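Taking it in order: structure first as structure tokens, then the write-up.
No value in this document is a laboratory result; all are computed from the given coordinates. Just so it is clear, the structure is predicted and the values come from calculations on it, not from any experiment. Here the Cβ positions follow ideal geometry from the backbone for every residue, glycine too, while neighbour counts run over all protein chains shown.
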Amino acid sequence: MDSIVVTGGGELNGQIPIAGAKNACLTLMPATLLSDEPLTLTNAPRLSDIKTMTELLQSLGAEVTSLAEDKVLVLSSHNADNPLAHYDIVRKMRASNLVLGPLLARHGKAIVSLPGGCAIGARPMDIHTMALEKMGAKIELKDGYLHAVAPKGLQGARIDFPFASVGATENILMAATLAKGTTEIYNAAREPEIVDLADCLRKMGAQIEGDGTSIITIQGVDRLGGATHPVVTDRIELGTYMLAPAFTGGEVELLGGRLDLVGAFVEKLDAAGIDVTETAGGLMVKRRSDVIKAVDIVTEPFPGFPTDLQAQMMALLCYADGTSVLEEKIFENRFMHAPELIRMGANIEVHGGTATVQGVKSLKGAPVMATDLRASVSLILAGLAAEGETVVSRVYHLDRGYEHVVSKLRGVGAQIERIKS
């Protein structure tokens, strides 16, 4: 199993290009199932999760071609007639459940395994199935598979989500584009990835209003066409690399960065003593002083502080002057990185969904283990400022969400290398 070795010390200076969003691309790719015309996605990230979604779509009969060093994906579903999303593929990635809505909408049937992904808490499918049943689908769980049929097609309906689920909003948004009549989604998630999906679907001919707000209205159409669409900037990769100079000092420009994608995160950086300014090419980040100030964090759905930046922010606050409290309200069991940071000398106490971090003057390099995608990169960031050498094992998690992390950090001066097993 590969590991990443980080030697702490030294400022970071230079530029880091930010990739297209993993979570957006994984949502856009299943949209091909809604049309028999090609869908072309540009600015696609080169990640293992994208390969998994490619494998899944191909198993359904879709054609997926990678161009321009895999940064362009050309998808076609004119021959996609297999409704079975098999466990062997779906188990690898939570986003695999996003084929359910499109398959039902276009073909009237779907057999989709319950999904897998990072072990960061339960993310059940009941909110997805509740909404699809309101739209006329009949769904039964048998042997770990959702067997769904809509022999008369899906019908427009009012969908009231009990909470703002990103995945369910995306699934129903796609399904509703081909439903008969009008669908209204209340308490819809507002993430930029959903706005990006709606933009793409409109290019394909969908009639959608209200994306980016808590109420989305979709008027179903008879068919969707093809489109070309650029994947939005990855706000989680952006936020992750914005933290790098906060650990080490120096100035780093994040090429392609946008303030509107990371507003709540930037507010907390400012409170911690980190300056973020817009440039012609993106965002510039630097510390105001050598002292990181303690701040409190509560994870919330967009536009609040993202849960996918909680682990990285916790690592920074290990170095802060004072006590910080982090409250995780999106996923349970998402403080698994805390014991690994403690191995490096952090002072962290976890009680349920709350972690209290007492800042220390320094961390010391140690062998640590990645437990999930965001935890893995938080340990790398912590190692950038730690004394000595930090060895992060189980970095296959990292490949699911960050492309070329070693070369990107090395390009701004980090002492980091990947050791092949």
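Rounded if a/c is under 1.5, else prolate if a/b beats b/c, else oblate: with a ≥ b ≥ c from the C-alpha gyration tensor eigenvalues square-rooted, which is region 22-230?
rounded
Could you work out the local net charge near Asp70, counting Lys and Arg as +1, Asp and Glu as -1, over the other residues with Cβ closer than 12 Å to its Cβ?
+1
In whole percent, what relative contact order does region 217-299 give with Cα contacts below 8 Å and a gap of six or more residues?
Relative contact order comes out at 27 percent.
With unit charges on the beta carbons (Lys and Arg positive, Asp and Glu negative) and the dipole taken about the Cα centre of the chain, which residue among Thr182, Ala80, Thr52 sits farthest to the positive side?
My answer, from the dipole projection, is Ala80.
Report relative contact order for region 22-230 in percent, whole number only (criteria: Cα-Cα under 8 Å, sequence separation at least 6).
Value for region 22-230: 21 percent.
Run the simple label-point estimate for Gln207 and His404 please: 7 Å along Cα→C-beta, distance reported in nm.
4.4
Go ahead and set up a Gaussian network model of the chain, Cα springs under 10 Å, then flag whichever of Ala227, Ala385, Ala198 fluctuates most.
With Cα springs under 10 Å in the chain, the top fluctuation among Ala227, Ala385, Ala198 is at Ala227.
Hey, fewest Cβ within 10 Å first, where do Val405, Val357 land in order? Intermediate results must be reported in sequence, preceding the final value.
Values: Val405 23, Val357 28.
Going from least to most buried by this count: Val405, Val357.
For region 403-415, just list the computed ³J(HN,Hα) in residue order, Karplus coefficients 6.51, -1.76 and 1.60, θ = phi - 60°, integers in Hz, with x standing in for Gly and Pro.
Values, residue by residue: 9, 6, 4, 5, 5, 5, 6, 5, x, 10, x, 6, 8 Hz.
Whole-Hz ³J(HN,Hα) for each residue in region 282-295, computed from phi via Karplus 6.51 cos²θ - 1.76 cosθ + 1.60 with θ = phi - 60°, x for glycine and proline: what do you get?
Values, residue by residue: x, 10, 10, 10, 7, 7, 7, 7, 7, 9, 8, 8, 5, 9 Hz.
According to the square roots a ≥ b ≥ c of the eigenvalues of the Cα gyration tensor, what is the shape class of region 260-367, taking rounded for a/c under 1.5, prolate for a/b larger than b/c otherwise, and oblate for the remainder?
oblate
Could you compute the FRET efficiency for Glu389 and Thr182, with r as their C-beta to C-beta distance and R0 at 60 Å, rounded to 0.05?
0.50
Among Thr248, Val357, Gly205, flag the residue with its Cα farthest along the positive direction of the charge dipole of the chain, charges on Cβ as +1 for Lys/Arg and -1 for Asp/Glu.
Farthest towards the positive end: Gly205.
Give me the angle, in degrees from 0 to 90, between the Cα long axis of helix 235-248 and the longest principal axis of the Cα atoms of the chain, rounded to the nearest 10.
0
In whole percent, what relative contact order does the chain give with Cα contacts below 8 Å and a gap of six or more residues?
Relative contact order for the chain comes out at 21 percent.
Applying the Karplus parametrisation 6.51 cos²θ - 1.76 cosθ + 1.60 with θ = phi - 60° to the phi angles of region 299-314, what ³J(HN,Hα) value in whole Hz is obtained for each residue in order, glycine and proline being reported as x?
These are the phi-based 3J(HN,Hα) values: 6, 8, x, 3, x, x, 5, x, 4, 6, 10, 5, 5, 5, 5, 4 Hz.
Shape of region 320-375 from its Cα gyration tensor (a ≥ b ≥ c, root eigenvalues): rounded if a/c is under 1.5, otherwise prolate when a/b > b/c, or oblate?
It is oblate, given that a/c is not under 1.5 and a/b is not larger than b/c.
Which FRET efficiency value, to the nearest 0.05, is calculated for Leu67 and Tyr396 with the Förster distance at 25 angstrom and r the Cβ-Cβ distance?
Using R0 = 25 Å, I get an efficiency of 0.45.
In which sequence would Tyr186, Tyr402, Tyr241, Tyr145 go, from the one with the fewest C-beta neighbours within 10 Å to the one with the most?
Final ranking by Cβ density, sparse to dense: Tyr186, Tyr145, Tyr402, Tyr241.
Please arrange Asp2, Asp372, Asp88 by how many other C-beta atoms lie within 10 Å of their C-beta, fewest to most.
Asp88, Asp2, Asp372
Can you say what percent of the DSSP beta bridges in the chain, counting only those with both residues inside, are antiparallel? Round to 5.
Once the DSSP bridges in the chain are tallied, antiparallel ones form about 70 percent.
Any chance you could count the Lys pairs in region 22-230 whose alpha carbons are under 14 Å apart, treating pairs 8 or more apart or on different chains as valid?
So the count works out to 10.
How much of the DSSP bridge set in region 22-230 is antiparallel, in percent, rounded to the nearest 5?
70
For region 269-421, with only Lys/Arg (+1) and Asp/Glu (-1) charged at the beta-carbon, what is the dipole magnitude about the Cα centre, in debye rounded to 20?
So the magnitude is around 480 debye.
What does DSSP give for region 310-421 in terms of the percent of beta bridges that are antiparallel, rounded to the nearest 5?
So the antiparallel bridges amount to about 70 percent of the total.
What dipole magnitude, in Debye to the nearest 20, does the chain give about its Cα centre under +1 on Lys/Arg Cβ and -1 on Asp/Glu Cβ?
Charge dipole of the chain: 540 debye, to the nearest 20.
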